[in-house]
Amino acid sequence: MRLDVILRIAAKLMIPFIMLFAIYVQFHGHYSPGGGFQAGVIIAAAVILYAIVFGISAALRVMPRAAVEFMVPLGVGIYAGTGIVSMLLGRPFLDYDPLLADPVAGQYWGVFIVEVGVLVTVAGAMLAIFYAFALRGRP
Amino acid sequence: MELISAIVEHYNYWAVIFLMVGGLYIVVAKSNMIKTLIGMALFQTSVYLLYLSPGKVLGGTPPILDKAIKTYSNPLPHVLILTAIVVGVATLAMGLALIVRINEAYGSIEEDEVIDLVDREDAAE
Amino acid sequence: MSLIQAISAAAGGAAAVPAGPALGLIEQLPGLQVALPMLGAVLAALLRPGWLAYAVMLVVALLSPVISFAILHEVLAYGPISYEMGGWEPPVGIEYRIDEANAFLLVLVSIMMAMVTIYAPRATASEIPARLHSWYYAMLLICFCGLQGMAITGDAFNIFVFMEISSLAMYALIAMGKDRRALVAAYQYLVIGTIGATFYVLGIGLAFALTGTLNLVDLAVKLDPVQDSRGALAALAFISVGIGLKLALFPLHLWLPNAYAFAPSVATALIASTATKVAVYILVRFVYSVYGVDISETMAYDTAFVLLLASIAMIAPSLVAVFQSNVKRMLAYSSVAQIGYIMVGVALLNEAGLTGGLSHLFNHAIIKGCLFLAVGCVVYSTGITKIDQMAGLGRTMPLTMGAFVVAGLGLIGVPGTAGFVSKWYLIQGAAEVGYWWLVAAIVIASLIAVFYVGRVVELAWFREARGAAASPRAPAPEMLAVTWALALAVLYFGFQTDISAGVPAQAAEVLLNGYTGGAMPVAETQGGVSLGE
């Protein structure tokens, strides 16, 4: 008989809400403390919890190592790409004003996109670090 | 009396100094590499506190614009320290990864022992 | 990125640019200088196999010198450039501020990056496992991005961020060395480098608490009235020690020799020729531009102390270099000694001295880059790193060892080479203030260099080749070409001193004036970028 029933059930209950909280922190970063970095760490924490309770191979099926290592540069790419788009539109690097017709909306969506980039990189980096240590010495 | 009140009123700086000196001492005194990294992290943390504590405005709210709110905390130190924390996390991960590989290569995480082996390799050259 | 453009196009954003005239290519150059390597690093990390990542690095590395030369040209023609990151006006936003001093440094770093990149592919293939090539190139680009960012930015905290970006990449690069001692070297560098960076942030924190600003120009203005206060001096002390650790100022240099000795040859050449130089620039920027030369009157003992340390740094590590058995470590100790020369120039606090220091910064980067690349050729062809085994290499690999001899002469400072020019300025600077003991120290240190360079040259050219040295594999043409290009540069800059001493002289003048004394503040314009006064 397995003795980790409580852990498994509790984790199954909690992981969706942890993910949801991460999305809340991400989207609410404009109005309250939060943002891409915090959200990325929370998402990574959810996956790490899953890996601890259900085993690393189960976590690898959800988030393969290659995907995680792809996320790290991808997020930086989103960030730097936004900056380059601003430059192509004739403003300094990462000036969000010209991204949309209305500068305020431009700032809003510009920060949003950059924060998505931060989320992707941070979640990817945290998981990459976790996998690197957890999988060390395994085939 | 004045001296005591001067000490007590700046308790945040005392915390900073204690963490800083303690961290630096651990880095210098401990041979175990993991402990050295813990000391390094403490040392970095002291600087976070140094930035954050003067940034707090008593009675101030998080710095998000709203008509009802008059007093805000200074947001800049928080942003700076968020960056510094990210740097600290990256450094710590990098350091631990190096220690794992040093352990695989030398079979020890005691700096004394590893340095002995390194010196022997140097002498053999 | 296409998503962003789609959203932007859907909202008709591309047509409407809100405030100010659109920036042209020239005005965008400072942003590109840092954004390009960053984007290149992203692509290099995403692309497989390694040669695709290399192609990206090659494009970035060849474009960067073009950008930095254009910036240097703009600065020389129209004065300092200010670039507002994200469109936020300084001192609120992060400002990229380029004057003669850092434009010169940008040129140096980007040229060395271009040289090292052309040299890289075969050296990398022989030293790094194929599955790591993309990450290796990405690390080189991140390191380059961090160094360029440190050089270009005008924001004190931004300097810290870029410093750690480049340092983290360097730890990874050093740890990729073949020898297992590379791991220990990287670990020691990580601990010392992090403490250095934390000291730097601590100093910035004190200055920030005192003035409430992080913009270097603004900091200079606001520090001026409180310059002699305990807080300001403590900030300067923390910044100096922190950067001193990063630039390996004697006696804070203990991390350097092993880090250089065991890193892969391409990484060694890049780090040795740029990383410590950029750190020197940061120190110069704080001491001269932010605090101003007049601070030295308050700190007369401290500058004398730095001069003393620098002159020990010239001689002691040179002596240690003479007794090294590993050629890369010998060159690394010589680097510590050369940092001593540069610091002598910086601490002399007069124009000839500072010109000599900055000029030596440039010349030493080229000389040491050439020497490390020549050693890289030797390692590639024979696998030799010990000096004893290099006997007879001059006969079997004459081109490589020829370049080594030329650069070695530059290191000694023989007339007609680049090293002579900068040492001449240094001696002039020391004589100007009557420090004859310093002149003697410079000459003695150069004489010691004759021994350690001479030892390798004597072995390589006047002995019979044995073992691996007798039958080297044919060297790669592009590796030889780059090594010789730098060797010829050592000779060229021995006669033609417009760039290697002329620009530093102008930079020294700007630095001596400081941000507050005499130098005009950069005019603010609507467009976000202003060119000149």
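So for the pair C:D388, B:A15, with labels modelled 7 Å out along Cα→Cβ, what separation do we get in nm?
Result: 5.8 nm between the two label points.
Which loop-located GluC sites (Glu not before Pro) does the stretch B:1-106 contain, where loop means any DSSP state but H, G, I, E or B and the Cβ has at most 10 other Cβ atoms within 10 Å? Before the final figure, lay out each step's value.
Details: sites: B:E2, B:E9, B:E104; in loops: none.
Those that pass, being in a loop and sparsely packed, number zero.
Starting at the first residue of the stretch A:129-137, write each ³J(HN,Hα) from the Karplus equation 6.51 cos²θ - 1.76 cosθ + 1.60 with θ = phi - 60°, in whole Hz, x for Gly and Pro.
Result, ordered by residue: 5, 4, 4, 4, 7, 6, 9, 4, x Hz.
Taking amide hydrogens as modeled 1.01 Å from N in the peptide plane, which residues meet the under 5 Å criterion relative to C:W255, leaving out close sequence neighbours?
Placed amide hydrogens put nothing under 5 Å from C:W255.
Tell me whether chain A comes out rounded, prolate or oblate; compute the Cα gyration tensor, take square roots of the eigenvalues as a ≥ b ≥ c, and use a/c under 1.5 as the rounded threshold.
Values: a/c = 4.27, a/b = 1.95, b/c = 2.19.
It comes out oblate by the Cα gyration axes.
Among the trypsin sites (Lys or Arg not before Pro) in the stretch A:57-139, which ones are in a DSSP loop with at most 15 other Cβ atoms within 10 Å of the Cβ? Mind listing them?
Numbers: sites: A:R61, A:R65, A:R136; in loops: A:R136.
Listed in order of number, the matching sites are A:R136.
What is the distance in Å between the Cα centres of the stretch C:389-431 and the stretch C:47-96?
Each part's Cα centre sits 32 Å from the other's.
Starting from the Cα of C:K222, draw a straight line to each of the lysines and keep only those under 23 Å, dropping any in the same chain fewer than 8 residues away.
The reachable lysines, counting only those whose Cα sits under 23 Å from C:K222, are B:K56.
How high is the relative contact order of the stretch B:2-124, in percent, with contacts defined as C-alpha pairs under 8 Å that are six or more residues apart? Kindly include the intermediate steps, with their values, before the conclusion.
Working: 112 pairs, mean separation 26.8, N = 123.
Taking the mean separation of contacting Cα pairs over the length of the stretch B:2-124, I get 22 percent.
How high is the relative contact order of chain C, given as a whole-number percent (alpha carbon pairs under 8 Å, six or more residues apart)?
Taking the mean separation of contacting Cα pairs over the length of chain C, I get 17 percent.
Near the amide H of B:Y72, under 5 Å away, which other amide H atoms are found, from residues 5 or more places off or on another chain, if H is placed in the peptide plane?
B:T61
Evaluate the charge dipole of the stretch C:275-359 about its Cα centre and quote only its size in Debye, nearest 20, assuming +1 on the Cβ of each Lys and Arg and -1 on the Cβ of each Asp and Glu. Kindly include the intermediate steps, with their values, before the conclusion.
Numbers: 4 positive and 4 negative charges, 105 e Å.
In total the dipole reaches around 500 debye.
Is the shape of chain C best called rounded, prolate or oblate, per the rule: a/c under 1.5 gives rounded, else a/b larger than b/c gives prolate, else oblate, with a ≥ b ≥ c the square roots of the Cα gyration tensor eigenvalues? Don't skip to the answer; put the middle values down first.
Values: a/c = 1.82, a/b = 1.22, b/c = 1.49.
Judged from the Cα gyration tensor, chain C comes out oblate (a/c at least 1.5, b/c at or above a/b).
Could you tell me how far the Cα centroid of the stretch C:246-323 sits from the Cα centroid of the stretch C:27-45, in Å?
Answer, in whole Å: 28.
Averaged across the residues of C:83-95, what count of C-beta atoms belonging to other chains lies within 10 Å of each residue's C-beta?
Details: counts 2, 4, 5, 12, 11, 3, 0, 0, 0, 1, 3, 2, 0.
The mean count of partner-chain Cβ atoms within 10 Å per residue comes to 3.
At a 10 angstrom cut-off on C-beta neighbours, averaged per residue, how do the peptides C:267-273, B:106-112 rank from highest to lowest? Working shown, then result.
Values: C:267-273: 28.6, B:106-112: 15.3.
Ranked from most to least packed, the peptides come out as C:267-273, B:106-112.
Just to be sure I follow: if Rg is taken over the C-alpha atoms of the protein assembly as shown and Rh is the Kirkwood radius over the same atoms, what is Rg/Rh?
Working: Rg = 26.4 Å, Rh = 27.5 Å.
A ratio of 0.96.
Could you work out the mean count of beta carbons from other protein chains within 10 Å of each residue's beta carbon in B:115-125?
That average works out to 3.
Among all the aspartates and glutamates, which ones have a C-alpha under 14 Å from C:K246's C-alpha, if same-chain residues fewer than 8 places away are not counted?
Cα-Cα hits under 14 Å: C:E164.
By counting other Cβ atoms within 10 Å of each Cβ, how are A:S57, B:S53, C:S289 ranked from fewest to most?
Sorted ascending by nearby Cβ count, the order is A:S57, B:S53, C:S289.
Could you tell me the ratio Rg/Rh of the stretch C:371-411? Both radii from Cα atoms, Rh via Kirkwood. List each step's numbers first, then the result.
Numbers: Rg = 9.4 Å, Rh = 10.2 Å.
Here the Rg-to-Rh quotient is 0.93.
Just going by the charge dipole of the protein assembly as shown, with Lys and Arg at +1 and Asp and Glu at -1 on Cβ, which of C:A474, C:Y452, C:L256 is farthest out on the positive end?
Final value for the positive-end residue is C:A474.
If Rh is defined by the Kirkwood formula over all Cα pairs and Rg also comes from Cα, what ratio Rg/Rh do you get for the stretch B:2-124? Intermediate values should be presented prior to the final figure.
Values: Rg = 20.5 Å, Rh = 17.4 Å.
Radius of gyration relative to Kirkwood radius: 1.18.
Could you work out how far the C-alpha centroid of the stretch C:469-490 sits from that of the stretch A:11-67, in angstrom?
Distance between centres, Cα-based: 52 Å.
Note down the relative contact order for the stretch C:36-185 as a percent, whole number, built from C-alpha pairs under 8 angstrom at least six residues apart.
Working: 208 pairs, mean separation 42.0, N = 150.
The normalised contact order for the stretch C:36-185 reaches 28 percent.
Helix B:75-106: angle to the longest alpha-carbon principal axis of chain B, degrees 0 to 90, nearest 10?
Taking Cα atoms only, the helix is inclined about 10 degrees.
Return the long-range amide H neighbours of B:N32 (sequence gap of 5 or more, or a different chain), with a cut-off of under 5 Å between placed amide H atoms.
Amide H neighbours of B:N32: B:E111.
Hey, if you put +1 on the Cβ of every Lys and Arg and -1 on every Asp and Glu Cβ in the stretch C:27-294, which of C:A186, C:L214, C:V66 ends up farthest toward the positive end of that dipole?
Of the candidates, C:A186 comes out farthest on the positive side.
For C:K423, go through the aspartates and glutamates and keep the ones whose alpha-carbon is under 18 Å away, minus same-chain ones fewer than eight residues off.
C:E351, C:E432, C:D498
What order, most packed first, do the peptides C:100-108, C:275-283 have when packing is the mean number of other Cβ atoms within 10 Å of each residue? Mind showing how you got there, number by number?
On the way: C:100-108: 26.8, C:275-283: 25.0.
With the highest mean Cβ count within 10 Å placed first, the list reads C:100-108, C:275-283.
Filter the chymotrypsin sites (Phe, Trp or Tyr not before Pro) in the stretch B:1-62 down to the DSSP loop ones having no more than 10 other Cβ atoms within 10 Å, then list what survives. Don't jump to the answer; show the numbers that get you there.
Details: sites: B:Y11, B:Y13, B:W14, B:F18, B:Y25, B:F43, B:Y48, B:Y51; in loops: none.
Here no loop site has a sparse enough neighbourhood.
Can you tell me how the stretch C:27-294 classifies by the Cα gyration tensor, rounded, prolate or oblate, using a/c under 1.5 as the rounded cut? Kindly include the intermediate steps, with their values, before the conclusion.
Values: a/c = 2.26, a/b = 1.39, b/c = 1.62.
Verdict is oblate for the stretch C:27-294.
Bear in mind these aren't lab numbers, they're just calculated from the coordinates by the rules spelled out. Computed from a predicted model, the values in this text were never measured in an experiment. FYI the Cβ positions are ideal-geometry reconstructions off the backbone, even for glycines, and counts take in every protein chain you see.
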